[in-house]
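The values are calculated or read from the model by the stated rules, or taken from the named source; none is laboratory data. Keep in mind that what you see is a predicted model, and the values were worked out from it rather than measured. Note that we place each Cβ from the backbone using ideal geometry, even for glycine, and neighbour counts take in every protein chain shown. The accessibility values were calculated without ligands, DNA or RNA, using every heavy atom of the protein model including side chains. Shrake-Rupley method; radii C 1.70, N 1.55, O 1.52, S 1.80 Å.
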Amino acid sequence: MTRMPEGVAREAVIDVGAIEHNVRHLARVTDSEVIAVVKANGYGHGAVRSGRAALAGGAARLAVADVGEALELRAGGIDAPVLAWLHAPGADFAQAAAAYIELGVSSLDQLRAAAAAGSPERPVTVQLKVETGLGRNGIAPADYGTVFAEAAEFERQGAIRVVGIFSHLSNTSADDDRTALSRFTVAQAAAGAAGLRPTLRHIAASHAALSLPEARLGCVRLGVAIYGLSPFDDRSSADLGLRPAMTLRAAVAAVRRVPAGQGVSYGYLHRTTSESTLALISMGYADGVPRAASGAGPVSIGGRTFRVAGRIAMDQFVVDVGDVPVAVGDEAVLFGDPTTGVPAATDWAEAAGTINYEIVTRIGPRVPRREVRS
C-alpha cells in the first residue's frame, strides 16, 4: 500500500517530462511548428511550468486566452513569443505592447487599439483572427476588406507587424472542418490581396492536428494533447503516444468500520449493504472534484479501483472499500496515467458527463502542485 507523505492532504503531481515528451512527439507526428496553449493556468497544470516544458520540448511559441495570462508568463521569466487572443471591450494594449505580447485581433476596434499601442520603434505584433463558421470571435467575412486594408496601412506606418492569421475549428465532423478550412483559404487570399504577408497560418488544435492532416498548414495550436490527454472519444492517450502529465491524489483522512445500512454523506445516496469500511478522502468540489461524479468517480487505493460512495461534498468524499484493509495516510489516486493501473482523467469525465479538458482545468488552487520529471 503506497503512503502519502506526512502532512500532505492532497496534491496534483505534474510531470514536466511528460509535457516535454508530448510536445516533441506531436511535433514529429504532425511535422509542424507547435504553438503550445497554456491558458487557464496551463489547463490546471501551471502556466509557467507548462510553458517552460513545452518550449523545452520544441514548441516555437505559446498561446493564452488573455493578456493577463501572457503577462504572468513574462513575470515567470518566459521570453518566447506569446499570443493572447481574447480581449475586454475597450482594452488598452500598452502593457501588452511593452511586454512584446502578440495580440490576436478579432475586430477593427481591436486592430486600432493595437496600432495605437505601437510605433515604428516598437511595432505591436499582431495575428489576425478570422471567423470561419464557429460563430464566436473573429473578423467576419463581410469585414475582411476593411480590416485587412487598415491592417496593411498600419503596417506600412510601422505601428503593427502582422505575423499570423488564424481561426478555430468546431471538430463536429471532417466535412464541417473542411468547410471551415476552405473559408480560411478565402480569408488568407483576402489578406494577401490587401498586401498582408503573414508567415504563420494556424487553424488546427489538438483534434484536427491529429485527425485532419490538411488542416495543419505547417503550424498547429496544441492544448489538451500536450498535457497527455486525448481529444478523441475512441482513442486513448496511449493510443496517441501521449503521457498524461497530471496525477491527482490525496491521503485517506479517516477510516470507519460501519454496519449494514449505514448512510453515507449528504442525502444518503449510498447505504452500505453489509458491514463495510468507509475511507474518507479530503478533497471535494472546492478542489475541483466534480459533484456530478457523486456515486461514480473512480478512485484507486492500494492498486484497486473503487467508486465514490454517495455525494461529493465541498471538502471531502467517501469511498466504500468493503473488507479491503485501508489505513489513514494511504494514497488515494483519483486519476493519472492509466498505463500504471490508475483511473484516467477521462474516466472522471465520463462519470461527471463532461470532457477530460474540464477535469484537469477545474482543479483548484487549494490543491498544491508538485513538479516532477520522468
Name the residues in region 230-246 that are open to solvent by less than 40 Å² (accessible area, probe 1.4 Å) and closer than 30 Å to Asp315 by Cα, would you? Ser230, Pro231, Ser237, Pro244, Ala245, Met246
Output for region 338-374, where each listed residue is open to solvent by 60 Å² or more (accessible area, probe 1.4 Å) and in a loop (DSSP other than H, G, I, E, B): Gly353, Ile355, Arg362, Pro365, Arg366, Pro368, Arg373, Ser374
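Conditions (1) at pLDDT 95 or above; (2) over 30 Å from Gly57 (Cβ atoms); (3) in contact with a strand residue (DSSP E or B) (Cβ under 7 Å, 6 or more places away or on another chain), marked per residue:
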| residue | (1), (2), (3) |
| --- | --- |
| Val252 | yes, yes, yes |
| Ser265 | yes, yes, yes |
| Leu278 | yes, yes, yes |
| Gly284 | yes, yes, yes |
| Arg304 | yes, yes, no |
| Phe317 | yes, yes, yes |
| Gly322 | yes, yes, yes |
| Gly336 | yes, no, yes |
Condition test on Arg249, is it surrounded by fewer than 21 Cβ atoms within 10 Å (Cβ to Cβ) and either in contact (Cβ under 8 Å) with a residue 12 or more places away in the chain or among the aromatic types (Phe, Trp, Tyr) (or both)? no
Enumerate the pairs (first residue in region 185-196 and within 13 Å of Glu153 (Cα to Cα) and touching a residue at least 24 places away in the same chain (Cβ under 8 Å); second residue anywhere and open to solvent by 30 Å² or more (accessible area, probe 1.4 Å) and of a type in the set (S, T, N, Q)) with beta-carbon separation below 8 Å, excluding pairs fewer than 6 apart on the same chain, so at least 6 apart or on different chains. none
Assigned to a helix (DSSP H, G or I), free of Cβ contacts under 8 Å to residues at least 60 places away in the same chain and among the aromatic types (Phe, Trp, Tyr) - does that describe any residue in region 220-233? no
Tell me the strands (runs of 3 or more DSSP E) entirely within region 254-315 that contain at least 1 residues that are more than 12 Å from Ala332 (Cα to Cα). 276-281, 304-309
Quick test of your reading of the structure: Ile14 fulfils all but one of (1) closer than 24 Å to Ala204 by Cα; (2) part of a strand (DSSP E or B). Name the failing condition by number. (1)
Quick one: what pairs do we get from region 278-299, first residue open to solvent by less than 10 Å² (accessible area, probe 1.4 Å), second part of a helix (DSSP H, G or I) and of a type in the set (Phe, Trp, Tyr), C-beta under 8 Å, 6+ apart or different chains? Pro290/Trp348; Ala293/Trp348; Gly297/Trp348; Pro298/Trp348
Take Val163 and tell me if it is touching a residue at least 60 places away in the same chain (Cβ under 8 Å) and surrounded by fewer than 23 Cβ atoms within 10 Å (Cβ to Cβ). yes
Please enumerate the residues belonging to region 323-337 that are in a loop (DSSP other than H, G, I, E, B) and in contact with a helix residue (DSSP H, G or I) (Cβ under 6 Å, 6 or more places away or on another chain). none
Checking Ser50, Ser106, Ser32 in turn, the sole residue that is in contact with a helix residue (DSSP H, G or I) (Cβ under 6 Å, 6 or more places away or on another chain) and hydroxyl-bearing (Ser, Thr, Tyr) turns out to be Ser50
Considering only region 169-191, I want to know if a residue exists there that is touching a helix residue (DSSP H, G or I) at 6+ places or on another chain (Cβ under 8 Å), crowded, with 20+ Cβ neighbours inside 10 Å and part of a loop (DSSP other than H, G, I, E, B). yes
